[in-house]
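Data block below; observations after.
The values are calculated or read from the model by the stated rules, or taken from the named source; none is laboratory data. Keep in mind that this is a model prediction, so the values were computed, not measured. So basically every Cβ, Gly included, is an ideal-geometry build from the backbone, and we count neighbours across all protein chains shown.
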Amino acid sequence: MKPVLLDEPEQIAKLIGELEDYQKLLQRNVQIPQLYMSTMGVKLHPTVPVSFLTVLLGRCLLFDTTRCFIIDVKTLGAKAFNTPGTSKRTLKDILCDETSSKVFFDVRNASHVLSTSFGISLKGVSDLQLMENAWRRTSKSREFLGGLVECVQSTLRHTYFIEFASWMKTYKEGNLYLRNEKDNSLCIMFNYRPVRDQVKEYCVANIEHLQKLSKNYSTKVLSGEDWVRDATRKRVVESQDPDFKHPGLQQELAPWSEKQHESFDKTYRSSSALRRWEIERQPRQPILEREVGRDFVIDWLSRLFSGH
């Protein structure tokens, strides 16, 4: 996926126009993708806490390609969020709009830097890290939160193996060359201009599969949907504290109570039983038919016995 680097106010205004088009489609009750976002910043430079905001517009019925934009916040500063589009709305307005769906993977760092540096209070947010955890089968497997690599691996490695292998290579190389070994923070290279290709690739790697994860989890987190939403809101509020500290690489407990764990377990058992019932109702097919299709098997057998 080739991203578009935005480092001029005119480019931001154009992006706002595209986001407004999405909003118009939403008002017409057309099923459209959500907005996927990720921030990157250098801890060693508190005066430049956000280097980039990566925005992904996922594919849908009317937009059959995924588009990725990397907003150069270091260069643009507040103009990245305050530049209006033709409708006079800004990126800050969209980020603070409860009706505009935005998806992050672990929203806390993004929420913290956007709040403390630009006065942006995120609303309308879904947190994929919490959604993935609620989707797990048992209370024991749900005990600790998972990282991005773990979530992408469990979702994509079987159905998108080649794509996953390529992504994993890019992500690992990015961690090796662009993060400090001591505390895993991003290195100063993120503040170099012109922007290095390796930095762009790493920004994309942190966001390019979020739509697949979102589709996978949103169809399975049912009974606990309100709990996931409440936990996400709590994360946003707590991370807006100027003294907020992210736990980093430490293993972190999931936020669910014992009662919530039991409800998740019950929902998973019920959905598993329903799936088994649906499978048992389906007529059984020979393995070859299931693999290549019934029409192919019939055609192949007719050719075999006709001598052609």
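The figures follow:
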read-out: Residue check, residue 81 aromatic (Phe, Trp, Tyr) and free of Cβ contacts under 8 Å to residues at least 60 places away in the same chain; value: yes
read-out: Pairs with Cβ under 6 Å, 6+ apart, first in the range 230-245 and farther than 12 Å from residue 123 by Cα, second of a type outside the set (A, V, I, L, M) and not in a helix (DSSP H, G or I); value: 231/255
read-out: Candidate set: the range 44-62, residues that are surrounded by fewer than 19 Cβ atoms within 10 Å (Cβ to Cβ) and of a type outside the set (A, V, I, L, M, F, W, C); chosen: the one modelled with the highest pLDDT; value: 59
read-out: Residue, modelled with the lowest pLDDT, within the range 63-93, restricted to residues that are among the β-branched types (Val, Ile, Thr) and either out of contact with any helix residue (DSSP H, G or I) (no Cβ under 6 Å at 6 or more places or on another chain) or part of a loop (DSSP other than H, G, I, E, B) (or both); value: 65
read-out: Any hit, the range 84-102, residues being crowded, with 23+ Cβ neighbours inside 10 Å and in contact with a strand residue (DSSP E or B) (Cβ under 6 Å, 6 or more places away or on another chain); value: no
read-out: Any hit, the range 116-128, residues being on the phi < 0 side of the Ramachandran plot, part of a loop (DSSP other than H, G, I, E, B) and buried (at least 23 other Cβ atoms within 10 Å of the Cβ); value: yes
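This table checks each residue for (1) on the phi > 0 side of the Ramachandran plot; (2) outside any loop (DSSP other than H, G, I, E, B); (3) surrounded by fewer than 20 Cβ atoms within 10 Å (Cβ to Cβ).
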{"position": "208", "(1), (2), (3)": "no, no, no"}
{"position": "212", "(1), (2), (3)": "no, yes, yes"}
{"position": "217", "(1), (2), (3)": "no, yes, no"}
{"position": "229", "(1), (2), (3)": "no, yes, yes"}
{"position": "248", "(1), (2), (3)": "yes, no, yes"}
{"position": "251", "(1), (2), (3)": "no, no, yes"}
{"position": "259", "(1), (2), (3)": "no, yes, yes"}
